[in-house]
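The values are calculated or read from the model by the stated rules, or taken from the named source; none is laboratory data. In this text the structure is predicted, and so the values were computed from the model without any measurement. Every residue, glycine as well, gets a Cβ built from its backbone with ideal geometry; the counts of neighbours run over all protein chains shown.
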Amino acid sequence: MKEREKYITVNERIEFADQMSREPGVKTKRKREDLNIINGSSKSRRKGISKETKIMEQKVDRVDYISQLPEHIIHHIISFLRCKKDAARTSILSKRWRDMWVSFSNLVFDQRKFHGQVRRLETLSEEQIQKIKNVEMFRNYVDNTLQRHVELKDRSIQKFVLHMTHYNSELTTCMDKWIDLALKYNIKELELHVPGYLHGCYRLPQCVFAANTITALRVYGCKLRPCNNLKLSNLQKVCLGKLYVNEWMIENLIRSCPLLEDFRLIYPIGLKTFKVPNLPKLKRVDLHTCSGLREVNLQASNLETFWYLGKKYLPCKIELSTCNTLKNLTLEDAKLKDELFQKHLSCFLVLEKLVLSKCNALENIIISSFKLKTLILRECKQLEEADIDTPNLLSFEYKGDKMPFSSLNPTSLKEAKLYFKPSRPEVNTRFHKGDDHTPWFAKLQAFLERFDYSRGLKLMARSNKNIVVYEKPKGIFLPRVYDLKLDVVKSSVALEDLLDDILRTWHPETLSSLSISRSNLPKLVRKRLIGREKEPSCCTYNIPGTKCWRHFLEYVKTENLVNNKDTSEWIAWLRSSRSMFKINCFKLTWKSRKHVSQE
């Protein structure tokens, strides 16, 4: 009983005392206020706590069990907080929590957070404001924080992030000191963001390449010095962005990292050839807009993810034939022709996700895979036909001005996104003025009707600021507009969540529901829109400074399609659909974001 009492809340103790007072053999004097318990008065209820309850309260130990947890567990809890400011607030809980915050092993210094301070100090002189602009406050903040960390002996740093927005040569000494100090504390993750100017750019200290405790290194905008004595034996993740590299630097770095698992290059210059020997641990390689890159050759037998984002009009030879374990492949602006693509695809027997984006050299391809679960074809302008045989495909996305996927059997799909937009102005003109659009729509409607809507799938159609939601459609009837976006939403998404996502993301001018007669969808839409709270508390857990769609929605009007004089294509289509479906249409008026931010 004593062990159980430690976990009883105050309300439970009150209820327990009430039960004890009604038990036979328990003699207590009940005050007049005790009768108010029946009426639910919490204030009187607290006054009427019996003598047994007071005795019980004395027995219960008021213990802060969270603060008694080991230090590394508390650090782990703090790391889940959404921002550093929230984590810092934990320091007011107690002296132990203050020490915990100071010793928190994730040190993130972001200069962007200090920009707002300048606007708040308008009363200062111009010279003082200039000092703030020259990162005086930021420098002092980093110095003081690191000094407090030094005062705590036997501490290590898990993660050190330094994000600079203003850099000059005067900061070089300070940054070298900060990084050197962090490395002395057995740092595991180092992340540096520095404005990468052509002249006066920050040079990464040589001590970084001798830090064998580092497991993750992310460097943006710095200059890399030539280094032969690399000791990064535990390095697992590398990301280099907006800097100069050459073949020798990459080769030297990769050779010294036998445990390398993840390698990413983002907007580098100077690299013409990217070659990787057979690293047994390498799982992922990303190459994003590598200016001047002409050849990629990966000999990574255990590679699982490859993401290539090329440079427009710059051909690059890609060799991945030995990557037999590849599961995720993304090619954007890759100049692969049909034959070479088919050759590579035949090697990837366990491929689960394939993304082809802006691969304009592809014309007729065959995608046949038993393992493939996600397929994305996005803006491949010359693609005329994609013969798709993927019996286990779960997710499909297409964006373009054609429909080259007619062979795809969508019965196994759980979600799909189809975005049709003409890439050439003459296509749009011909589509609206000619009669050739009717077969195109018939073909698209036939494809959509092959989905298994009995599993709870929902269909959403969008054009500009007009949205219609279908529920359990027995027949598909689409709006005759070419700028059409169709979403087949997975069954696990509830209608309430779908509507919230539509209103939050798109701020539509018209929102319509198209359903069978017994559907609850119209009632739900009406309740969501017209019955919204005047003072919503829905933003409590949003990112600070953001508000949900309820704050922006100013006015809702139910549209009468019979007497509506609107001549737009969308309203005309809704009128023509009334004989086949039950339609509810709402006209929505939204406030501007600037207006809401000033409220």
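Can you name every one of the strands (runs of 3 or more DSSP E) wholly within segment 337-396 that holds 3 or more residues which are within 21 Å of Lys417 (Cα to Cα) and touching a helix residue (DSSP H, G or I) at 6+ places or on another chain (Cβ under 8 Å)?
It comes to 364-368.
Counting just the residues of segment 499-523 that are surrounded by fewer than 16 Cβ atoms within 10 Å (Cβ to Cβ) and of a type in the set (Ser, Thr, Tyr), which one comes out nearest to Met403 (Cα to Cα)?
Per the stated criteria, the residue is Thr505.
Does any residue in segment 359-374 that is over 15 Å from Lys337 (Cβ atoms) come within less than 9 Å, Cβ to Cβ, of a residue that is of a type in the set (Phe, Trp, Tyr) and not in a strand (DSSP E or B) six or more places away or on a different chain, and which pairs are these?
Ser369/Phe348; Lys371/Phe348
Restricting to segment 412-447, name every residue that is assigned to a helix (DSSP H, G or I) and at pLDDT 90 or above. Talk me through it step by step, then tell me what you get.
Taking segment 412-447 and keeping what is assigned to a helix (DSSP H, G or I), we get 412, 425-433, 437-447.
Selection gives Ser412, Phe447.
Name every residue in segment 473-498 that is part of a helix (DSSP H, G or I), within 20 Å of the chain's Cα centre (by Cα) and crowded, with 17+ Cβ neighbours inside 10 Å, in order of residue number.
Leu498
For segment 320-336: of the residues being assigned to a loop (DSSP other than H, G, I, E, B) and of a type in the set (A, V, I, L, M), which is nearest to Ser357 (Cα to Cα)?
Of all residues in segment 320-336, those assigned to a loop (DSSP other than H, G, I, E, B) come to 320-327, 333-336.
Going one step further and asking which of them are of a type in the set (A, V, I, L, M), we end up with 320, 326, 334, 336.
Numbers: Leu320: 18, Leu326: 18, Ala334: 8, Leu336: 11 Å.
Among those that are assigned to a loop (DSSP other than H, G, I, E, B) and of a type in the set (A, V, I, L, M), it is Ala334.
Is there any pair with a first residue in segment 504-528 that is at positive phi and a second that is among the charged types (D, E, K, R) whose Cβ atoms are under 9 Å apart and which are 6 or more apart or on different chains, and what are they?
Taking only residues 6 or more apart or on different chains, the pairs are His507/Lys465.
Could you check, for segment 579-591, whether at least one of its residues is among the charged types (D, E, K, R), over 29 Å from the mean Cα position of the chain (by Cα) and modelled with pLDDT of 85 or more?
Among the residues of segment 579-591, at least one is among the charged types (D, E, K, R), over 29 Å from the mean Cα position of the chain (by Cα) and modelled with pLDDT of 85 or more, which makes the answer yes.
How many residues does segment 286-319 contain that are within 17 Å of Lys335 (Cβ to Cβ) and either of a type outside the set (Phe, Trp, Tyr) or assigned to a loop (DSSP other than H, G, I, E, B) (or both)?
22
Among the numbered conditions (1) modelled with pLDDT under 70; (2) within 19 Å of Leu503 (Cβ to Cβ); (3) polar (S, T, N, Q), tell me where Gln598 comes up short.
For Gln598, the exception is condition (2).
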